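Notes to accompany the following structure.
Just so it is clear, none of the values below were taken in a lab; they were calculated from the coordinates. Since the structure is predicted, the reported quantities are computational estimates derived from the model, not experimental observations. So basically every Cβ, Gly included, is an ideal-geometry build from the backbone, and we count neighbours across all protein chains shown.
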Amino acid sequence: MNVVDNILTLEHKETVRLDPDRLNGLYRQMGDKDAMDVLCRTVEELAVRLSNCERFWRQRDWAALRKCARSLVAIAEQIGMVALARVAGDVAQSVDAGDAVATGATLWRLIRVGEKSLTVIWDQQDLSI
């Protein structure tokens, strides 16, 4: 029996949850045009911060990573990205615990959830450039 024949590939599939009431509230409160502008800026900001989180992790800048993850929680909650907010909070908690392995694992989960969340909201809202 060849060991290579027993290698498994794990596939990471993340379920993304969006709170439609939060988005609907934003549109009711601001109107379509202003809500769309806010949403576009927010999606862009989330993408930048996800990238920053990865950079801080690679640099082992734990304080900056924690701060960036906490900011993702606040921003994601504002537009109803429930899963993204929860996982960003998990990253901050693992930094607080001083667990570099858990921080790496939760950060990569955050990036997967973040990318999928951004894609879902982009597609749902038809946010074209």
- Compute the distance in nm between two label points, each set 7 Å from the Cα along the Cα-to-Cβ direction, one at Asp96 and one at Tyr27. 3.5 nm
- Which trypsin sites (Lys or Arg not before Pro) does region 7-114 hold that lie in a coil by DSSP with at most 16 other beta carbons within 10 Å? Lys13, Arg17, Arg60
- In degrees rounded to 10, the 0-90 angle between helix 20-30 Cα long axis and the longest Cα principal axis of the chain is 40 degrees
- Quick one: if the Förster radius is 30 Å, what FRET efficiency do Thr15 and Ala47 give, using the C-beta to C-beta distance and rounding to 0.05? 0.90
- Message: Run the simple label-point estimate for Cys40 and Trp62 please: 7 Å along Cα→C-beta, distance reported in nm.
- Response: 4.1 nm
- Note on the structure: A student asked for the Cα radius of gyration and Dmax of the chain in angstrom ought to give 16.8, 65
- Note on the structure: Computed ³J(HN,Hα) along region 98-114: with the Karplus parameters 6.51/-1.76/1.60, θ = phi - 60°, integer Hz and x for glycine or proline, the list is x, 9, 5, 5, 5, 4, x, 5, 6, 5, 5, 5, 4, 5, 4, 5, x
- Query: Rg and Dmax of region 63-129, Cα atoms, in Å?
  - Reply: 12.5, 40
